[in-house]
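Enquirer: One structure is given below, represented as structure tokens, and several questions about it will come after.
Coordinate-derived values only; no laboratory data. All values reported here derive from a predicted model rather than from experimental measurement. All Cβ positions, glycine included, derive from the backbone under ideal geometry; neighbour counts span all protein chains shown.
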Amino acid sequence: MAIALDQRVHLSQSIGMKILITGGAGFIGSAVVRHFSRDCGFGVINLDKLTYAGNLSSVGSVSNLPNYIFEHHDICDKAAVDRIFRAHTPDAVIHLAAESHVDRSIDGPAPFLETNVKGTFTLLECARSYWYSLPVSTRDKFRFLHVSTDEVYGALGAEGQFTENSQYRPNSPYAASKAAADHFARAWYHTYELPVIVTNCSNNYGPFQFPEKMIPTMILAALEGQQLPVYGDGKNIRDWLHVQDHAAALYCVLTKGVPGEVYNIGGEAERQNIEVVESICEVLDSLIPRGSFASYRDLIHFVPDRPGHDYRYSVSCDKLKNELGWTPSRSFEEGLSQTISWYLENRHWWQSIQKRYDGRRRGLGQ
Ligand code: NAD
Ligand code: DAU
């Protein structure tokens, strides 16, 4: 998917860019919205349907900025998306809107096909039509950054890493839907020359993550004295990246990446799930001891495994580091400790979610 070096257009000179961010009320999307609007001063149009996973309080700190606009729509709604492109004339799209939870995709895959595949297709079509309408000088600078996952590459054994050339072998309905979306994005570059860039990132953690994902699930269960549900034997391995480092990586790819290219993003922090849970317990033991010599570790409870549970993910981000100069800014231990402190200090954020979220075990495929 490479294009000649002299065709590269670096957007970093273009201060005052307007970015259409889809899924900006979600976990990663809200970090990207905060980073681009508050830290970089870009114009941001946040397009989000506000599903169970969307939460406008996650972008509350920027919602009054003059360079921030919210559009409450579904990315599958072509008429609405067409109108948004024409009304706001964005210089780039960062596409994050998705159904993102593997366990939910096992219980009910249909919304994953709808949003992740049809929604991405709709967005690509609207972007293409808008892009064709731009003057040539603006058209060269336009970017469509499609945010995807390392799960499209399937599962690793004990050795090796995913690279940008790894074969696609999606295993869960979620991964299959993201893989399909990646192929559409790639095809829109090759067929229509829409300046698409794809990123495939490893597991994110950090503030504002919906409490269905592993790390917030464990933190909140521990705070409530409930069992910590570790799937299977707890030896599955994930590669963890702090969400703010992901946002910084997306900035780097948007401003310096080459259309048609794929960039893997990873945290260089592989941990077994059980190691992560034990680390959470250790931090909590030091911050808010349970008393009577009890440890949060006593709450660890092994539960039936996720069907088709991928054993290991590990991402080589050498291309992003060597070609674009990005690197993760914090260690996993530092980031985990900061994340736990954030959940302790922002109880109102997750307690308001708990009022509408039952927290029951999902993904057993029953
Ligand atoms: P999330 O579930 O926290 O947020 C998804 C957001 O998309 C929500 O605000 C939701 O309201 C919105 N949305 C869903 N369907 C929509 C639709 N049809 N139209 C408009 N908005 C819609 O997800 P996340 O964890 O922040 O992930 C964001 C993106 O990053 C996804 O594309 C995901 O595949 C990818 N990704 C996530 C991770 C991770 O570890 N969480 C890692 C790599 C890649
Ligand atoms: O790798 C990137 C992917 O990471 C993203 O594309 C997905 O959107 C994101 O949800 C995440 O997928 P995972 O399935 O890896 O994340 P999750 O937090 O659901 O689970 C992490 C690991 O922890 C996984 O091996 C399953 C395990 N787990 C999960 C939960 C919710 C548990 O042991 N107990 C739990 O309660």
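Enquirer: How long is segment 1-159 along each principal axis, judged by its Cα atoms, biggest number first, in Å?
Expert: Taking the Cα atoms of segment 1-159, the three principal extents are 46, 41, 33 Å.
Enquirer: Could you size up the charge dipole of segment 262-328 around its Cα centre, putting +1 on the beta carbon of Lys and Arg and -1 on that of Asp and Glu, and report it in debye to the nearest 20?
Expert: Dipole of segment 262-328, to the nearest 20 debye: 100 debye.
Enquirer: Then there is this: Here are some pairs, 18/118; 141/213; 118/355; 49/355; 235/355; which of them have Cα atoms lying more than 27 Å apart in this structure?
Expert: The pairs that break the limit, which is 27 Å between Cα atoms, are 141/213; 118/355; 235/355.
Enquirer: Moving to a separate point now. What share of Cα pairs, in percent, lie more than 27 angstrom apart in segment 195-341?
Expert: 29 percent
Enquirer: For segment 106-192, what is the Kirkwood estimate of the hydrodynamic radius, computed as the reciprocal of the mean inverse distance between distinct Cα atoms, to one decimal in Å?
Expert: 14.5 Å
Enquirer: Counting only other residues whose beta carbon sits under 13 Å from that of residue 31, what net charge do I get with K and R as +1, D and E as -1?
Expert: Here the count lands on 0.
Enquirer: Which whole-Hz ³J(HN,Hα) couplings does segment 295-302 yield from phi under the Karplus relation 6.51 cos²θ - 1.76 cosθ + 1.60, θ = phi - 60°, glycine and proline marked x?
Expert: Running phi through 6.51 cos²θ - 1.76 cosθ + 1.60 with θ = phi - 60° gives 10, 4, 4, 5, 8, 5, 9, 7 Hz.
Enquirer: Kirkwood-based Rg over Rh for segment 182-274 (C-alpha set), two decimals? Write out the running numbers ahead of the final one.
Expert: Values: Rg = 17.2 Å, Rh = 15.5 Å.
Radius of gyration relative to Kirkwood radius: 1.11.
Enquirer: Give the percent of DSSP beta bridges with both residues in segment 140-279 that are antiparallel, rounded to the nearest 5. Write out the running numbers ahead of the final one.
Expert: Details: 3 of 16 bridges.
That works out to approximately 20 percent antiparallel.
Enquirer: With a point put 7 Å past each Cα toward its Cβ, work out how far residue 65 is from residue 191 in nm, to one decimal.
Expert: 3.6 nm
Enquirer: Please give the per residue volume of the convex hull enclosing the alpha carbon atoms of the chain, rounded to a whole number of Å³.
Expert: 130 Å³
Enquirer: Stick to the Cα atoms of segment 290-358, pair each with every other, and give me the Kirkwood hydrodynamic radius in Å at one decimal.
Expert: 16.9 Å
Enquirer: Taking 7 Å along the Cα-to-C-beta vector as the label spot, tell me the residue 167-residue 352 distance in nanometres, rounded to one decimal.
Expert: About 4.8 nm separates the two model spin labels.
Enquirer: If you don't mind, another one. Between residue 80 and residue 285, what is the label-to-label distance in nm when each label sits 7 Å out along the Cα-to-Cβ direction?
Expert: Distance between the two pseudo-spin positions: 4.8 nm.
Enquirer: Relative to the longest principal axis of the chain, what angle (0 to 90°, nearest 10) does the C-alpha long axis of helix 173-192 take?
Expert: Its long axis makes an angle of about 20 degrees.
Enquirer: Within segment 241-267, whose backbone N sits under 20 Å from a point 7 Å along Cα→Cβ of residue 140?
Expert: Counting only backbone N, you get 254-261.
Enquirer: Need the C-alpha centroid separation for segment 284-327 versus segment 65-130, integer Å.
Expert: What the calculation gives is 30 Å, centre to centre.
Enquirer: Taking only Cα atoms, what is the 0 to 90° angle, nearest 10, from helix 243-256's long axis to the longest principal axis of the chain?
Expert: On a 0 to 90 degree scale, this one is about 20.
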